[in-house]
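> I have a structure here, written as structure tokens, and I will follow up with some questions on it.
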Amino acid sequence: MRERLTNWAGNIVFGAERVHRPRSVAEVREIVAAAGRLRVLGSGHSFNRLADTDGDLLSLADLPRTVEIGPDRTSVRIDGGIRYGELAARLAADGLALQNMASLPHISVAGAVATATHGSGVRNRNLATAVSSVEIIRADGELITLDRDSADFPGAVVNLGALGVVTALTLDVVPAFELRQYVYDNLPGSAVRDSLDEILAEGYSVSLFTRWTGTDVDMVWLKRRDPMPAGDWFGARPADGPRHPVPGMPGVNCTEQGGVPGPWHARLPHFRMEFTPSSGEELQSEWHVPRERALAAIEAVGALRERVAAVLQVCEIRTIAADDLWLSPNYQRDSLALHFTWIADTEAVLPVVADLERVLNPLGARPHWGKIFTTEPAAVREAFPRFGDFAALLRRLDPAGTFRNPWLEKLLG
């Protein structure tokens, strides 16, 4: 059908002539085999033209939900359209859990995996590392399965939607567990300078939120298995009520705080599935730098604080452990991620994005694939050591370029 679609934030209007909404894998294969150019649309929570196309769009949201728990209860096979919130509820009901989740339970699992989306934690890797096998429909309609024993697997998991249509994934799962979430206000900048490693290691997941209006961090969100002692923490005060990361937004939209124990899926995300996390009036950028350069990156952004604060809603600082997936920003290095939620003004935001890249790129910054960045494609390719191997895999699996778009073509050079 012909329809006008935008991404979640509304800053991208997709150029597709047709949008397909298949209800079975067989129907997906037919659509792919007949397509000229095709891109898969996940939950639309990307801020650049990664998912756009001058051909057809395909949504997997109407596929039958698949949640098949393995016989040893260490894996789950899921369909390509399921969202994290839906999957988490099904797993929790069976006494199982994902090791980590993103801030938003509203996003699709396959889309998050394809872009190396992540949660937080010094020992937690990005969400794509939970994948043990991926089922892909290639341009000729053939369904292939790649698992951890496949030579192509490290290049096929974080795939930018360029290798084919991912109709199913198998993920690692663990026994269900409980967490507590604590929020602290006004972490002194001196504590960040003197104790950053200790602060980031204090929880199962740790997020620092700042608006860069001063030297202090506005809030710290800790997710822990064990209770925290009462009182101040590294000079920060316990929050006196529910908080939302974005100033002015209601705390009720967020998962329960105050140290109340609860199931993993009701604490790991920042936002509740039943609420829209924000108005969508925003743009987003994110860069990952090596952990050993974390303080240098924070200081570099701090030197631009007036420029940044003028167009910023909030910035979140998190950690992600290293992995071996070719297009992961965390490839073979532990990382610190600086995530910027901007105001919804592209013209005002882009010059600041360029300023940040100017100071972060020399520190080894790698961009999040689904966010706004302006670094030249050649420099992006250079930042990912296995990009050339991924490009070769793409040419081998999709030689006609069925799943490419202008954004990808530019990136590939």
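> Restricting attention to the stretch 75-132, and to residues there that are charged (D, E, K, R) and within 15 Å of the chain's Cα centre (by Cα), which single residue is farthest from A162 (Cα to Cα)?
In the first step, residues of the stretch 75-132 are kept if they are charged (D, E, K, R); the result is 77, 79, 83, 86, 90, 94, 123, 125.
Checking the rest, the ones that are also within 15 Å of the chain's Cα centre (by Cα) come to 83, 125.
Numbers: R83: 20, R125: 23 Å.
My answer is R125.
> Within the stretch 70-78, is there a residue that is in contact with a helix residue (DSSP H, G or I) (Cβ under 9 Å, 6 or more places away or on another chain) and open to solvent by 10 Å² or more (accessible area, probe 1.4 Å)?
Here is the first cut: in the stretch 70-78, the ones in contact with a helix residue (DSSP H, G or I) (Cβ under 9 Å, 6 or more places away or on another chain) are 76, 78.
Of the ones still in play, those that are also open to solvent by 10 Å² or more (accessible area, probe 1.4 Å) are none.
Within the stretch 70-78, none of the residues are in contact with a helix residue (DSSP H, G or I) (Cβ under 9 Å, 6 or more places away or on another chain) and open to solvent by 10 Å² or more (accessible area, probe 1.4 Å).
> In this structure, does R396 turn out to be touching a Phe, Trp or Tyr at 6+ places or on another chain (Cβ under 6 Å) and charged (D, E, K, R)?
Values: touching a Phe, Trp or Tyr at 6+ places or on another chain (Cβ under 6 Å): no; charged (D, E, K, R): yes.
Spelling it out, it is not the case that R396 is touching a Phe, Trp or Tyr at 6+ places or on another chain (Cβ under 6 Å) and charged (D, E, K, R).
> Let me ask something else about it. Condition test on D218, is it at pLDDT 95 or above and out of contact with any strand residue (DSSP E or B) (no Cβ under 7 Å at 6 or more places or on another chain)? Please lay out each step first, then the result.
Values: at pLDDT 95 or above: yes; out of contact with any strand residue (DSSP E or B) (no Cβ under 7 Å at 6 or more places or on another chain): no.
So D218 fails the test.
> Within the set of pairs 6+ apart or on separate chains, which have a first residue in the stretch 398-409 that is in a helix (DSSP H, G or I), a second that is at pLDDT 95 or above and of a type outside the set (K, R), and C-beta atoms under 6 Å apart?
W407/L50; L408/A162
> Considering only residues that are buried (at least 19 other Cβ atoms within 10 Å of the Cβ) and either closer than 22 Å to A112 by Cα or more than 21 Å from the chain's Cα centre (by Cα) (or both), which ones fall in the stretch 342-374?
Within the stretch 342-374, W342, V352, A365, R366, P367, H368, W369, G370, K371, I372, F373 qualify.
> Separate question: So which pairs qualify, if the first residue must be in the stretch 132-146 and surrounded by fewer than 18 Cβ atoms within 10 Å (Cβ to Cβ), the second must be in a loop (DSSP other than H, G, I, E, B) and of a type in the set (D, E, K, R), the Cβ gap must be under 8 Å, and the two must be at least 6 apart or on different chains?
Correct list of pairs: I144/R138.
> Report whether or not V206 is without any contact (Cβ under 8 Å) to a residue 60 or more places away in the chain and closer than 18 Å to V122 by Cα.
Values: without any contact (Cβ under 8 Å) to a residue 60 or more places away in the chain: no; closer than 18 Å to V122 by Cα: yes.
In short, no.
> Among the residues of the stretch 181-202, write down those that are touching a residue at least 40 places away in the same chain (Cβ under 8 Å) and among the polar types (S, T, N, Q).
Those that are touching a residue at least 40 places away in the same chain (Cβ under 8 Å) and among the polar types (S, T, N, Q): Q181, N186, S190.
> Can you pull out every residue in the stretch 388-413 that is over 21 Å from V40 (Cα atoms) and of a type in the set (F, W, Y)?
Once the filter is applied, which keeps residues that are over 21 Å from V40 (Cα atoms) and of a type in the set (F, W, Y), the stretch 388-413 yields nothing.
> Here's a follow-up. Could you figure out which of (1) under 27 Å from T53 (Cβ atoms); (2) touching a Phe, Trp or Tyr at 6+ places or on another chain (Cβ under 8 Å); (3) part of a helix (DSSP H, G or I); (4) not hydroxyl-bearing (S, T, Y) isn't true of A92?
If we test A92 against (1) under 27 Å from T53 (Cβ atoms); (2) touching a Phe, Trp or Tyr at 6+ places or on another chain (Cβ under 8 Å); (3) part of a helix (DSSP H, G or I); (4) not hydroxyl-bearing (S, T, Y), just (1) comes out false.
> So which pairs qualify, if the first residue must be in the stretch 223-237 and over 21 Å from C254 (Cα atoms) and part of a loop (DSSP other than H, G, I, E, B), the second must be modelled with pLDDT of 95 or more and small (G, A, S), the Cβ gap must be under 7 Å, and the two must be at least 6 apart or on different chains?
Matching pairs, first to second residue: F234/A191; F234/S195; G235/A191.
> Filter the stretch 384-397 down to residues that are open to solvent by less than 30 Å² (accessible area, probe 1.4 Å) and part of a helix (DSSP H, G or I) and give me whichever is nearest to E286 (Cα to Cα). Break it down into steps so the answer makes sense when it comes.
Looking only at the stretch 384-397, we keep the residues that are open to solvent by less than 30 Å² (accessible area, probe 1.4 Å), and these are 384, 387, 390-391, 393-394, 397.
If we keep only those that are part of a helix (DSSP H, G or I) as well, we get 387, 390-391, 393-394, 397.
Working: F387: 19, F390: 22, A391: 23, L393: 26, L394: 25, L397: 29 Å.
Checked the stretch 384-397; the qualifying residue nearest to E286 (Cα to Cα) is F387.
> A further question follows. Can you pull out the residues in the stretch 305-322 that are surrounded by 16 or more Cβ atoms within 10 Å (Cβ to Cβ) and not small (G, A, S)?
R305, V308, V311, L312, Q313, V314, C315, E316, I317, R318, T319, I320
> Name every residue in the stretch 139-162 that is touching a strand residue (DSSP E or B) at 6+ places or on another chain (Cβ under 6 Å) and not small (G, A, S), in order of residue number. If you could, list the steps in order and put the result at the bottom.
So in the stretch 139-162, the residues touching a strand residue (DSSP E or B) at 6+ places or on another chain (Cβ under 6 Å) come out as 143-148, 152-153, 156-157, 161.
Residues satisfying the conditions are L143, I144, T145, L146, D147, R148, D152, F153, V157.
> While we're looking at this one, here's another question. Of everything in the stretch 102-120, what is closer than 27 Å to R23 by Cβ, crowded, with 23+ Cβ neighbours inside 10 Å and not polar (S, T, N, Q)? Give them in sequence order.
Passing the criteria: P105, I107, V109, A110, G111, A112, V113, A114.
> Please specify each residue of the stretch 25-53 satisfying the condition of being open to solvent by less than 40 Å² (accessible area, probe 1.4 Å), assigned to a loop (DSSP other than H, G, I, E, B) and not aromatic (F, W, Y). Outline the logic, then answer.
We begin by selecting, within the stretch 25-53, every residue open to solvent by less than 40 Å² (accessible area, probe 1.4 Å); these are 28, 31-32, 35, 38-39, 41, 44, 46-48, 50-53.
Applying the additional criterion that residues be assigned to a loop (DSSP other than H, G, I, E, B) yields 35, 44, 46-48, 50-53.
If the condition is that a residue be open to solvent by less than 40 Å² (accessible area, probe 1.4 Å), assigned to a loop (DSSP other than H, G, I, E, B) and not aromatic (F, W, Y), then A35, G44, S46, N48, L50, A51, D52, T53 are the ones that fit.
> Another question, then. Across the stretch 105-157, which residue is nearest to R272 (Cα to Cα) among those that are acidic (D, E) and in a strand (DSSP E or B)? Break it down stepwise before answering.
Initial filter on the stretch 105-157 (acidic (D, E)): 135, 140, 142, 147, 149, 152.
Among the residues that remain, those that are also in a strand (DSSP E or B) are: 135, 147.
Numbers: E135: 30, D147: 32 Å.
Only one residue fits best here, namely E135.
The values are calculated or read from the model by the stated rules, or taken from the named source; none is laboratory data. Fair warning: this is a prediction, and the values are worked out from it, not measured in the lab. Note that each Cβ is placed from the backbone with ideal geometry, even for glycine, and that neighbours are counted across all protein chains shown. Protein only, heavy atoms only, side chains kept; ligands, DNA and RNA dropped before computing areas. Shrake-Rupley method; radii C 1.70, N 1.55, O 1.52, S 1.80 Å.
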